[in-house]
Amino acid sequence: MRTAKDIPPADLTAQARIRDAAIGHFAADGFDKANLRAIAATAEVSAALVLHHFGSKAGLRTACDDFVLGDLMRTAHDETSPEGLQDVIRRYTSNAADYQSHLDYIGRAIKDGSPTARRFVDTIIDESEAIVLAGIADGSMRPSSDPRALAVFIAMSSLAMMTLAPVVARSLGFEMMGPAVLQRMALPSLELYTHGLYTDDTFLVTTQQALAAVHATDPQQDAHREEHVS
């Protein structure tokens, strides 16, 4: 079955063209500055048709939110299996511009501090935790002392690629974030997750001992942590 990314623009429905055009404009200009007429022009439809399908600019934004978040979550779940990961790589290399526009969209939402940003971040963290717990349960991931905190770390690493895109690209010698940057980051990221970084447990043991000493002298640390978790 073909997805929207596999279908030539001319074959997309007007509603899908409007949505895709809006994703690009919202990512580039921000929600407040993006213009419905400009979106309609990019989608090659009338502004009236935009309102017919989505009701308002806010309705269009909600549709874009749902589509982008759903797409990225499907990608995240696909990446948890070798076969799914291969499919993600194939889709990405053949539709890099679309994938990048979705990353840009989320990055813009976070930078703008919009209500949508919290929804994106919360969902990404929750889904990351679910993936970690499932991986631990089926043996494909190592057990963690704190799966929730691990999920936050993984999610923040991914979100940094969106919010710090210019810095990441420049640090690797590229003018802007794009397929070449993500391709270069792919193997080192998987090497880190697969093999770890340190060759022994010196730093882990040192940190465990330091934290144990803190908890021994300040038992309220544990109480505060339990309150936060609950």
Practice item. For residue 188, work out the one condition from (1) under 29 Å from residue 123 (Cβ atoms); (2) modelled with pLDDT of 95 or more it doesn't fulfil. Key: (2)
Review point. Which members of the stretch 85-112 meet the condition of being at pLDDT 70 or above and open to solvent by less than 60 Å² (accessible area, probe 1.4 Å)?
Key: 99, 100, 101, 102, 103, 105, 106, 107, 109, 110
Exercise for review: State the number of residues belonging to the stretch 118-138 that are within 14 Å of residue 72 (Cα to Cα), among the acidic types (Asp, Glu) and free of Cβ contacts under 8 Å to residues at least 40 places away in the same chain.
Suggested key: 2
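Conditions (1) surrounded by 11 or more Cβ atoms within 10 Å (Cβ to Cβ); (2) of a type in the set (Lys, Arg); (3) in a helix (DSSP H, G or I); (4) in contact (Cβ under 8 Å) with a residue 24 or more places away in the chain, marked per residue:
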site	(1), (2), (3), (4)
154	yes, no, yes, yes
160	yes, no, yes, no
170	yes, yes, yes, no
184	yes, yes, yes, no
187	no, no, yes, no
192	yes, no, yes, no
197	no, no, no, no
200	no, no, no, no
211	yes, no, yes, no
Practice item. Would you check which residues across the stretch 30-56 are open to solvent by 50 Å² or more (accessible area, probe 1.4 Å) and closer than 17 Å to residue 68 by Cα and list them? Key: 31
Practice item. State whether one or more residues within the stretch 48-57 are basic (Lys, Arg), touching a residue at least 12 places away in the same chain (Cβ under 8 Å) and in a helix (DSSP H, G or I). Key: yes
Exercise for review: Could you please give the count of residues in the stretch 113-146 that are surrounded by 18 or more Cβ atoms within 10 Å (Cβ to Cβ) and more than 30 Å from residue 61 (Cβ to Cβ)?
Suggested key: 1
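The values are calculated or read from the model by the stated rules, or taken from the named source; none is laboratory data. Treat the numbers as computed from the prediction; the structure is a model and nothing was measured. Here the Cβ is made from the backbone with ideal geometry for all residues, glycine too, and neighbour counts use every protein chain on show. Heads up: the accessible areas ignore ligands, DNA and RNA and are worked out on the full protein's heavy atoms, side chains in. Shrake-Rupley method; radii C 1.70, N 1.55, O 1.52, S 1.80 Å.
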